[in-house]
Each structure stands twice: as C-alpha cells, then as structure tokens.
Amino acid sequence: MATNRRLFTRSSWPETKRLTEILREETVGGVLLLIAAGVALVWANSPWSSTYRQMSEFEIGPDWFHLQLSASAWAADGLLAIFFFVVGLELKREFVAGDLRDPARAALPIAAAVGGMIVPAAIFIGITVAAGQPENIDGWAVPIATDIAFALAVLAVLSTHLPTALRTFLLTLAVVDDLLAITVIAVFYTDHLQIGPLALALIPGGLFALAVQRGLHRWWLLVPLAAATWALVHASGVHATVAGVLLGFTVPVLGRHAAAEEFEHQLRPLSAGLAVPIFAFFAAGVTVGGWSGLGDSLLHPVTVGVIAGLVVGKPLGVWLTAFLLAKFTHASLDDDLAWRDVAGVALLAGIGFTVSLLIGELAFGYGTPENADVKIGVLCGSVVAGVLAALVLVTRNAAYRRIEALETADDDHDGVPDIYQAQQD
C-alpha cells in the first residue's frame with residue numbers, strides 16, 4: 001500500500017544554511033584542487049619532469065617512528081590526516097545533530113553509498129579477472145570513493161541551480177562514502193600491524209578525547225596530543241589518516257563543551273585550501289609518455305577497471321540503490337524532482353580523486369606502473385563522469401531555477417524563506 005513518504009525532501013532552514021556554507025567552502029577547495037592537479041600533470045609531462053619527481057621523492061623528517069618520509073608521503077599520510085579529521089567532525093555531527101540522526105533520512109544516503117561502493121568494486125574485479133590479471137585485484141577499492149570537493153567544483157563551473165535537497169544528498173553521500181572508504185583502508189590496506197605503537201596511541205588519543213570532552217580546547221594542548229596519536233598510529237602500520245577520523249569522533253557535538261562546529265569552521269579552510277590541493281599536486285603528476293603512452297595506458301585492465309568503475313559502476317550503484325529503495329518502501333520523489341535529477345547527482349558521485357588516488361598508492365605502491373595506470377584512470381574517469389553529469393544537469397537548469405526561486409522566496413523579509421516557515425507551521 002502506497003504511503004506519503006518522500007525521498008529528497010528539504011532539510012530544516014538552519015541545516016540548509018549550514019550545508020550551504022560548507023558547499024561554498026568545499027567548492028573553493030575544489031577549484032584549488034583542480035588547479036593543483038593541472039599544474040602537476042603539466043609539470044610531470046614537461047621537459048622539467050625530473051625536478052617534479054625529485055621534489056616528490058625528497059625525504060624529510062626524523063628517523064624515529066618511521067617519520068623520515070618523502071614529500072609525497074607526508075602529503076598523503078600527514079596533510080590528509082587534517083582532511084580526515086574534518087571528515088570525522090562532519091560525520092559525528094551528521095549522526096548526532098544533523099539529518100542522519102533520523103533513521104528515515106539516513107537510510108537513503110547510507111544505502112546509496114553502499115551501493116556506490118559494491119557496484120564499481122565488482123566491475124573492477126570483473127575486468128581484471130577477465131583480463132587474466134588477478135594480481136591487480138588489490139585495486140578494487142580505487143573507484144569506490146567520491147571526491148566532494150572535486151564534484152562541487154564541477155557544480156560551481158556549471159553554475160547549475162541544483163535543488164537544495166539534492167545538494168544535501170550529494171554532500172551527505174560523500175561524507176558516508178568517506179567513512180566507508182576509511183573503513184576499507186583500515187581493514188584491507190593495513191600491512192604488518194604493530195600492536196605496540198597502536199596500543200601506545202591510546203594514551204595521547206585518550207588524553208585528547210578527555211581534553212575536548214572537558215572543554216580544554218587550547219591549541220598548544222590538543223595539537224601535540226593529536227600529533228603524537230598520528231605518529232604512533234603511523235608507526236603501527238595502520239594508515240595514519242584513520243587517526244584523523246577517530247580523533248574527530250571524540251569531539252563533542254552537543255552540550256556545554258560542544259566544539260565540533262567550531263573546530264570544523266577553523267580547520268575546513270586549512271583542509272580544503274591547503275591539505276587537499278598539496279596532496280593533489282603530489283598525487284596527480286603522472287608521466288603519460290606522449291599520446292602513444294597514454295593510449296597504451298588507457299588499454300591496460302587497471303585503467304579500464306578504474307574508468308568503468310567511476311563512470312558506470314559508481315553512478316549505477318548510487319542511482320539503482322535509490323530507485324530500489326523507493327520501490328521497496330513505496331516512497332516517491334519530492335514533487336519538483338525527477339529521476340533524471342538523481343541520475344545527474346549519481347554521475348557527480350563518479351568523480352573520484354583524493355581518496356581514490358590514496359587507495360591506488362596503498363594498493364600498488366608509489367611510482368609503480370600500476371599506480372600510474374590508476375592515476376590516469378582516476379583522472380580520465382573523473383573527467384568523463386563530470387562531463388556526463390553536466391550534460392544531464394544542464395538540461396534541468398530551467399527547472400532548477402524555478403525550484404530555487406520557490407525556496408528562496410522571503411516575502412515577509414524576516415531572513416527565513418517562506419517555504420521553510422510553511423514547513424514548520
């Protein structure tokens with residue numbers, strides 16, 4: 001029997017304002033990411049490519065705790081920990097005080113994220129096995145992650161009037177997607193686990209949690225505790241970005257000592273404006289060896305698997321899961337939306353970059369031919385997914401403008417759109 005349950009309904013006005021601010025900051029970060037990746041790609045294929053490689057491989061840092069790392073490793077292991085700390089803050093806030101605290105609202109992005117992980121992974125595995133290269137199955141997780149900054153940068157370039165509910169869905173999907181990706185990294189890409197350093201990491205990590213829970217938010221206290229936790233987790237063999245997520249989970253969201261929103265506001269510009277672009281600069285610089293080398297790489301099963309996973313698997317998994325959830329729960333889309341709108345967002349979910357490149361390095365190792373194929377696959381797949389998303393979303397611009405005009409109408413000039421007042425009445 002049909003019900004009145006709706007998919008992609010709008011959030012509350014305060015939640016919508018908060019998400020709009022996040023989207024604005026992530027969009028700026030996405031533009032910086034694109035610039036950094038473009039510079040790296042051009043440099044790595046220029047006559048000065050050797051200087052780029054020397055910079056990437058230049059080692060710096062103390063020898064203790066295995067911290068004498070190359071510049072590219074510091075970008076992947078160190079700076080990305082800031083990015084994942086912000087992810088941890090956002091995840092906890094969404095599950096404690098955001099839309100994901102409501103199981104009915106949480107079901108759709110969580111299910112879509114799971115579907116968007118299973119289908120591209122299955123496609124990658126199928127292609128590598130069919131090509132007779134089962135040794136490359138380790139890269140199955142490369143096409144499972146969505147890069148929210150990259151995806152929002154594409155939206156900014158398109159200037160589409162995407163409905164708020166779908167923008168919220170894209171952001172929430174990417175956040176849950178990051179949680180799944182971090183879980184995959186921790187479980188499947190941890191080699192030579194050292195219990196001693198991991199157990200010792202509980203000491204500074206526990207002190208960090210105690211400090212933030214007690215309202216002790218001084219940087220000179222929290223930063224050394226966070227750095228010690230990160231260093232010990234790194235020495236244990238677990239990828240150090242996991243420490244960033246776990247530390248983010250310890251920050252209180254509600255109550256007298258709530259600091260998650262404050263920390264996120266302070267660190268998101270550092271994450272989106274510095275950490276992720278620097279990682280992109282070191283991760284995206286792949287030498288393709290001219291058109292012939294690019295052609296050979298595009299035919300490699302790893303590259304084909306990554307592109308197919310991002311362009312076909314990721315959107316198909318997200319869209320099909322949302323469609324099946326609607327059918328099995330007898331839910332319907334919000335009145336102003338159509339399934340092709342969901343298809344456009346699902347294609348945006350196929351834009352992978354930061355986490356995809358990170359998993360590629362973990363699966364195949366930095367500087368290997370397979371990792372080069374992963375980079376080409378991620379770059380090409382993300383571009384194709386973005387172009388296809390643009391083709392779908394541009395056709396809906398008129399409808400989006402109509403929806404946006406309705407949502408932003410504020411006839412009584414009280415600062416709250418009338419449609420949100422009607423929702424509360």
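Multiplying the residue separation of Val383 and His330 by 0.36 nm and subtracting their alpha-carbon distance yields 15.6 nm. Listed values for region 170-182 are Karplus-derived 3J(HN,Hα) couplings in whole Hz (6.51 cos²θ - 1.76 cosθ + 1.60, θ = phi - 60°), namely 4, 5, 5, 4, 5, 5, 5, 4, 5, 4, 5, 5, 5, and x replaces Gly and Pro. Amide H contacts of Gly237: Gln194, each under 5 Å away and 5 or more positions distant or on a separate chain (H built 1.01 Å from N in the peptide plane; Pro and chain starts excluded).
The string of couplings for region 48-59 from the Karplus curve (6.51, -1.76, 1.60, θ = phi - 60°) is 9, 4, 5, 5, 5, 5, 5, 5, 5, 8, 5, 8 Hz, one whole number per residue in order, with x for Gly and Pro.
Computed from backbone phi, the HN-Hα couplings of region 273-280 come to x, 10, 4, 5, x, 5, 4, 4 Hz, rounded to whole numbers (Karplus: 6.51 cos²θ - 1.76 cosθ + 1.60, θ = phi - 60°; Gly and Pro given as x). Shown for Leu320, Leu79, Leu170: other C-beta atoms within 10 Å of each C-beta, ranked fewest to most, produce the order Leu320, Leu79, Leu170.
Here's how it looks for Leu67: its modeled amide H is under 5 Å from none belonging to a residue 5 or more places away or on a different chain.
If you take the Cα centroid of region 78-123 and the Cα centroid of region 240-288, the two points sit 14 Å apart. Exposure proxy ranking for Lys327, Lys375, based on other Cβ atoms within 10 angstrom of each Cβ and starting from the fewest, stands as Lys327, Lys375. Fewest-first ordering of Asp296, Asp191, Asp147 by other beta carbons within 10 Å of each residue's beta carbon gives Asp191, Asp296, Asp147. Under the simplified labelling scheme, the Thr51-Leu202 pair shows an inter-label distance of 5.0 nm, with each label point 7 Å from Cα along Cα→Cβ. Applying 1/(1 + (r/R0)^6) with r as the Cβ-Cβ distance of Asp296 and Arg101 and R0 = 56 angstrom yields a FRET efficiency of 0.65.
So, R0 is 45 Å and r is the distance between the beta-carbons of Trp220 and His192; what FRET efficiency does that work out to, to 0.05? My answer for the efficiency is 0.85.
Database remark: amide H of Leu333 closer than 5 angstrom to the amide H of Leu7 (H placed geometrically; neighbours at sequence offset of 5 or more, or on other chains; Pro and chain starts carry no H).
Here, each number is a calculation from the coordinates, and none is a lab measurement. Keep in mind the model is a prediction, meaning the values are calculated, not measured. Reconstructed Cβ throughout: ideal geometry from the backbone, glycine too, with neighbour counts over all protein chains shown.
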